[in-house]
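Below is one structure; the comments refer to it alone.
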Amino acid sequence: MPRIAITGLGCVSALGKSVAEFWDGLSQGRCGIGPLTLMATDQLQIGIGAEAPDYDPACYFDPKRLSLLDRYSQFALIAAREAIEDARLDFTADGLARRTAVILGTGIGGETTLDDAFFQLYAQGNPRVHPAVIPRMMASAATSHVTMEYGINGPAFTVTSACSSASHAIAQAMWMVRQGVVEAAITGGSEACFTLGTMKAWEAMRVMAPDTCRPFSSGRRGMVLGEGAGILVIESFERARRRNAKIYAEIAGAGMSSDAGHLIQPSEQGAVDAIEAALRDAQLAAGEIDYINAHGTGTAINDATETRAIRKVFGPQAPPVSSTKSMHGHALGASGALELIAATLAIGNGVIPPTVNFLGPDPACDLDCVPNQARRADLRAVLSNSFAFGGLNAILALRRVDA
């Protein structure tokens, strides 16, 4: 099978507005969770989140452009610009624009636009809604903006599968390049979920932590929402080497499954099925995996279920596992992309990012969780796990590329 190379990375997260800042935060074990500043919190029980720090959209977009961009589309464009520049792609050369796909994931889409419009309509009694509300809020808006900024004419669409959205999008993009449908793809995910309505809805589910995110730890109290975008440029190895591109890692395979059981409670077997499918697609044995970037939300049920699934596949010799959500929060539909970038950088730097805020082991999560401090490691192959509400699971497998 044709091999698939990652040649460009871009991201916006609570750890910073670039890949360099993201990796610096991950490798230093810096937590980006703090008090919310994007809204008044007097009506909230949970007043914390993982916001993109010191973000000013005027630094990236002119006022006319901003009028058509929801916050989640802004993040997607900023991350796409970084990834495409990193990959040194020229879409005007050799008809590449028509042979490139743009496949992004989001769980919600333009939530800030929708929330603002409803506030004006219901709370302020304004009978008119801005004509740009629909094009700003639609889940496919970010994908369209990326295609328009770069004149990309190939296949373009958005995947929405809750917290697995970005991982599903990346898997689809990888398979399209592998099958020769396109030569390259811009793929990943974006989310900007901090609105009063969204926070109240998550509070109602009683899965939110009031203090911080402590995946796999004793004393964990739930998840913490985050925002941001992760974008990758992928292409065939043949094309990447022909143009002397930098190759971060190989996307070796992907696996998917559906729990078909419950909208909220995760299934151990569904997770096992997705992990085993990814190993088969990547032609990797369980013993070859050196690290797993876990879904690791910090909720009691999710972390214990994911632990059992990992033990079922890998047995007593399970590799080190960490959850970077403890640092950048749970970015919902963007989380799979941010975490795959984290896993990619872990391979390239030989460093496993830690699970921070860790208080001590929980017997229900008997894994090596790399607590609180990053760890040097020789990483040849890694997995990135995504498990979404509705039982929609996606696993991505990476392999190191040795010179």
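The values are calculated or read from the model by the stated rules, or taken from the named source; none is laboratory data. Since we're looking at a predicted model, the values are computed, not measured. When we count neighbours, we look across all protein chains shown, and the Cβ atoms used for this are built from the backbone with ideal geometry, even at glycine.
Looking only at segment 306-364, which residues are farther than 28 Å from Ile231 by Cβ and outside any helix (DSSP H, G or I)?
Passing the criteria: Ala318, Phe358, Leu359, Gly360, Pro361, Asp362.
Only one of Gly154, Gly188 is in contact with a Lys or Arg (Cβ under 6 Å, 6 or more places away or on another chain) and either crowded, with 19+ Cβ neighbours inside 10 Å or closer than 25 Å to Gly391 by Cβ (or both); which?
Gly154
Could you please give the count of residues in segment 166-215 that are closer than 30 Å to Ala300 by Cβ and among the polar types (S, T, N, Q)?
Adding up the residues that qualify gives 5.
Out of the residues in segment 198-231 meeting the condition of being in contact with a Phe, Trp or Tyr (Cβ under 7 Å, 6 or more places away or on another chain) and of a type in the set (Gly, Ala, Ser), tell me which one is surrounded by the fewest Cβ atoms within 10 Å (Cβ to Cβ).
Among residues in segment 198-231 that are in contact with a Phe, Trp or Tyr (Cβ under 7 Å, 6 or more places away or on another chain) and of a type in the set (Gly, Ala, Ser), the one surrounded by the fewest Cβ atoms within 10 Å (Cβ to Cβ) is Ser217.
Might you check whether a residue that is surrounded by fewer than 24 Cβ atoms within 10 Å (Cβ to Cβ) and free of Cβ contacts under 8 Å to residues at least 24 places away in the same chain occurs anywhere in segment 4-20?
yes
Go through segment 42-56 residue by residue and tally those that are under 22 Å from the mean Cα position of the chain (by Cα) and over 14 Å from Gly228 (Cα atoms).
1
Spot the failing condition for Lys64; the list is (1) part of a helix (DSSP H, G or I); (2) at pLDDT 95 or above; (3) of a type in the set (Lys, Arg), and only one is missed.
Among (1) part of a helix (DSSP H, G or I); (2) at pLDDT 95 or above; (3) of a type in the set (Lys, Arg), Lys64 violates only (2).
Of the conditions (1) of a type in the set (Asp, Glu); (2) touching a residue at least 60 places away in the same chain (Cβ under 8 Å); (3) in a helix (DSSP H, G or I), Glu276 satisfies every one except a single condition; which number is it?
Just one mismatch for Glu276, condition (2).
Right, Phe387: among the aromatic types (Phe, Trp, Tyr), touching a strand residue (DSSP E or B) at 6+ places or on another chain (Cβ under 7 Å) and in a strand (DSSP E or B) or not?
yes
Looking for whichever is under 18 Å from Pro215 (Cβ atoms) and either in a strand (DSSP E or B) or in contact with a Lys or Arg (Cβ under 9 Å, 6 or more places away or on another chain) (or both) here; the options are Asn393, Asn302. Which one fits?
Answer to the check: Asn393.
Among Ala93, Ala40, Ala80, Ala101, which is the only one that is part of a helix (DSSP H, G or I) and either on the phi < 0 side of the Ramachandran plot or not assigned by TED's automatic domain parsing to the domain that holds Ala229 (or both)?
None of the others qualify; the one that does is Ala80.
Name, by its number, the condition in (1) touching a Leu at 6+ places or on another chain (Cβ under 6 Å); (2) over 18 Å from Val313 (Cβ atoms); (3) buried (at least 24 other Cβ atoms within 10 Å of the Cβ) that does not hold for Ser384.
(2)
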